[in-house]
Amino acid sequence: MAAQTEESDTAREQIKAEQDVDQVRQRASRDQQRLDSGAVTSPKDLENLQREIASLAKRQGDLEDVVLEIMERRESAQERAAELTERVASVESKIDDATARRDAAFETLDSEAATATKEREVLAGVIPADLIKLYDKLRAQQGGVGAAKLYQRTCQGCRQELAITDINEIRAAAPDTVVRCENCRRILVRTSESGL
Ligand SMILES: [Zn+2]
């Protein structure tokens, strides 16, 4: 916007400077007509008129330089405005792209959540009610993760390696015993990679 304002400001400046040039040119042209008409006869008046014409020519030259300088500034303002407009368009297109990707990700997540919810319903039907209750309680307490994999003697919920005594207890526990992390209290899921 600043670049566009500068562009329109210099455009106005240019019009004003061109009007100044025009005024001087018209005045010089009138003087020249008077000189050519032969109406002025007094040598003193003739000299004055010629001096004024010369001075107006110099003034016109100076004013034309001003116009050129303004045109240069206007041109660079136009370039800058065009460049920035292009960058705005590029950023907007990136925003559109990111928005589309976000929306697509939302859709995927919604669909995954729906699938997970269905899977949970099926599993909940075969898991003892008290275990589900414990799991839900832990999940609420532990930021959404009520059970964690025991991987190489480390609880994947809190990332703490279990003490050897705890590992020994877990190793001795029956497969259907609910074992928990001593550190975060999450339910631990034993696999072949648990390091038991
Ligand atoms: Zn833990």
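Restricting to the stretch 143-162, and then to whatever is part of a loop (DSSP other than H, G, I, E, B) and open to solvent by less than 50 Å² (accessible area, probe 1.4 Å), can you tell me which residue is farthest from the ligand (Cβ to nearest atom)? Checking each candidate, the answer is GLY144.
With respect to the conditions (1) assigned by TED's automatic domain parsing to the domain that holds VAL24; (2) modelled with pLDDT under 95, ARG120 falls short on a single one, namely (1).
Counting the residues of the stretch 144-196 that are more than 25 Å from ARG120 (Cβ to Cβ), among the hydrophobic types (A, V, I, L, M, F, W, C) and in contact with a helix residue (DSSP H, G or I) (Cβ under 8 Å, 6 or more places away or on another chain) gives 2.
Suppose we filter the stretch 117-130 for residues that are in a helix (DSSP H, G or I) and open to solvent by 50 Å² or more (accessible area, probe 1.4 Å); how many remain?
We begin by selecting, within the stretch 117-130, every residue in a helix (DSSP H, G or I); these are 117-124, 129-130.
Checking which are open to solvent by 50 Å² or more (accessible area, probe 1.4 Å) leaves us with 117-123, 129-130.
Final tally of qualifying residues: 9.
Scanning the stretch 163-181 for residues that are within 15 Å of the ligand (Cβ to nearest atom) and either more than 21 Å from ASP130 (Cβ to Cβ) or not in a loop (DSSP other than H, G, I, E, B) (or both) yields ALA163, ASP166, ILE167, GLU169, ILE170, ARG180.
Results for (1) assigned to a helix (DSSP H, G or I); (2) over 19 Å from ALA3 (Cα atoms); (3) acidic (Asp, Glu); (4) within 29 Å of the chain's Cα centre (by Cα), shown as yes or no for each residue.
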site: LYS16; (1), (2), (3), (4): yes, yes, no, no
site: GLN19; (1), (2), (3), (4): yes, yes, no, no
site: GLN32; (1), (2), (3), (4): yes, yes, no, no
site: ASP36; (1), (2), (3), (4): yes, yes, yes, no
site: LYS44; (1), (2), (3), (4): yes, yes, no, no
site: GLN50; (1), (2), (3), (4): yes, yes, no, no
site: LYS58; (1), (2), (3), (4): yes, yes, no, no
site: SER76; (1), (2), (3), (4): yes, no, no, yes
site: GLU79; (1), (2), (3), (4): yes, no, yes, yes
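The values are calculated or read from the model by the stated rules, or taken from the named source; none is laboratory data. The structure displayed is predicted, hence computed values, not measured ones. All Cβ positions, even for glycine, are placed from backbone atoms using ideal geometry, and neighbour counts span all protein chains on display. Just so you know, the surface numbers come from the protein's heavy atoms only, side chains and all, with ligands and any DNA or RNA stripped out. Shrake-Rupley method; radii C 1.70, N 1.55, O 1.52, S 1.80 Å.
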